[in-house]
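Here is the structure we will look at.
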Amino acid sequence: MNRNAEEVLKKLKRGNHFFKLGQPRNPNNDNIRRKEVLDNGQNPFVTILTCSDSRVPPELIFDRGIGDLFVIRNAGNILDDVTIGTIEYAVEHLKTPLVVILGHQDCGAVKATIQGGDLPGHLSAITKKIMPAVEACRGEKGDLILHSIRANSYRVAHELRERSEILKNAILDGRTAIIAAYYSLETGEVEFLD
């Protein structure tokens, strides 16, 4: 991992520490910051792909504010072409040195994938993306849901590295790094898995 990515990771860990203690510092959350990013544009220091679950607010769990994080959210923190393109934009144009794939405890998309069955509408498009992680964990001792959530974050991080030439080159050039992470709803702690 490059030095810039390591610094960003330290910043995220520090912010998460204050959050899980219930003592957030709430930086960059005032009218001055709002005007600053309006006048000067955005300059986020990290890109985060996470689940749409309302219990997983990245700005809060990392104790950050306006313009600090470039966040992409969808059910199950999965990849499609639009999501990959959005991450490529963040790395190429916003120069974020770190991409975090953040799964979380009690993920409904992963649970629905494990439960299986026919799903209405476009819901099966989500579970099809998560199924490889679930299948890789079947037969492991312990909690299938927990193992699958973690495996899904790893798989998405790996797939992102493989599917995007832009990101692959940015990693090789030392301009960015991609890591998987897991957020505990119970404790508030983010565990970085890579």
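The values are calculated or read from the model by the stated rules, or taken from the named source; none is laboratory data. Computed from a prediction, not measured in an experiment: that's the story for all the values here. Neighbour counts run over all protein chains shown; Cβ positions are idealised from the backbone, glycine included.
Quick grid of which residues meet (1) surrounded by fewer than 21 Cβ atoms within 10 Å (Cβ to Cβ); (2) closer than 27 Å to Glu92 by Cβ; (3) touching a Pro at 6+ places or on another chain (Cβ under 8 Å):
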site: Ala136; (1), (2), (3): yes, no, no
site: Gly139; (1), (2), (3): yes, no, no
site: Leu146; (1), (2), (3): yes, no, no
site: Ser153; (1), (2), (3): no, yes, no
site: Arg161; (1), (2), (3): yes, yes, no
site: Ile171; (1), (2), (3): yes, yes, no
site: Arg175; (1), (2), (3): yes, yes, yes
site: Glu186; (1), (2), (3): yes, no, no
site: Asp194; (1), (2), (3): yes, yes, no
### Summary
The condition from (1) surrounded by fewer than 15 Cβ atoms within 10 Å (Cβ to Cβ); (2) under 24 Å from Thr127 (Cβ atoms); (3) touching a helix residue (DSSP H, G or I) at 6+ places or on another chain (Cβ under 6 Å) that Gly76 misses is numbered (1)
### Message
On the basis of being modelled with pLDDT of 95 or more, out of contact with any Ser or Thr (no Cβ under 8 Å at 6 or more places or on another chain) and crowded, with 18+ Cβ neighbours inside 10 Å, does Asp68 make the cut?
### Response
yes
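If you go through the range 106-119 one residue at a time, do you hit one that is more than 14 Å from the chain's Cα centre (by Cα), crowded, with 22+ Cβ neighbours inside 10 Å and under 29 Å from Gly67 (Cβ atoms)? Give the derivation first.
Restricting attention to the range 106-119, the residues satisfying the condition of being more than 14 Å from the chain's Cα centre (by Cα) are 106, 108-119.
Subsequent filtering for residues that are crowded, with 22+ Cβ neighbours inside 10 Å retains 109-110, 113.
If we keep only those that are under 29 Å from Gly67 (Cβ atoms) as well, we get 109.
There is at least one residue in the range 106-119 that is more than 14 Å from the chain's Cα centre (by Cα), crowded, with 22+ Cβ neighbours inside 10 Å and under 29 Å from Gly67 (Cβ atoms).
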### Query
When both residues are 6+ apart or on different chains and their Cβ atoms are under 7 Å apart, which pairs have a first residue that lies in the range 1-21 and is modelled with pLDDT of 95 or more and polar (S, T, N, Q), and a second that is surrounded by 13 or more Cβ atoms within 10 Å (Cβ to Cβ) and assigned to a helix (DSSP H, G or I)?
Asn16/Ile61
### Criterion violated by Ile84 - all others in (1) in contact with a strand residue (DSSP E or B) (Cβ under 7 Å, 6 or more places away or on another chain); (2) assigned to a helix (DSSP H, G or I); (3) under 14 Å from Ile48 (Cα atoms); (4) of a type in the set (A, V, I, L, M, F, W, C) satisfied
(1)
### Task
Taking Glu165 as the residue in question, decide whether it is closer than 22 Å to Asn4 by Cβ, modelled with pLDDT of 95 or more and not hydrophobic (A, V, I, L, M, F, W, C).
yes
#### Entry: Selected residue (criterion: surrounded by the fewest Cβ atoms within 10 Å (Cβ to Cβ)) from residues of the range 1-56 that are part of a helix (DSSP H, G or I) and in contact with a Lys or Arg (Cβ under 6 Å, 6 or more places away or on another chain)
Phe18
## Note on the structure
Taking the range 128-181 and keeping only residues that are of a type in the set (Gly, Ala, Ser) and either in contact with a Lys or Arg (Cβ under 7 Å, 6 or more places away or on another chain) or at positive phi (or both), one is left with Ala133, Gly139, Gly142, Gly174
### Residue among Ser153, Ser124 that alone is small (Gly, Ala, Ser) and without any contact (Cβ under 8 Å) to a residue 40 or more places away in the chain
Ser124
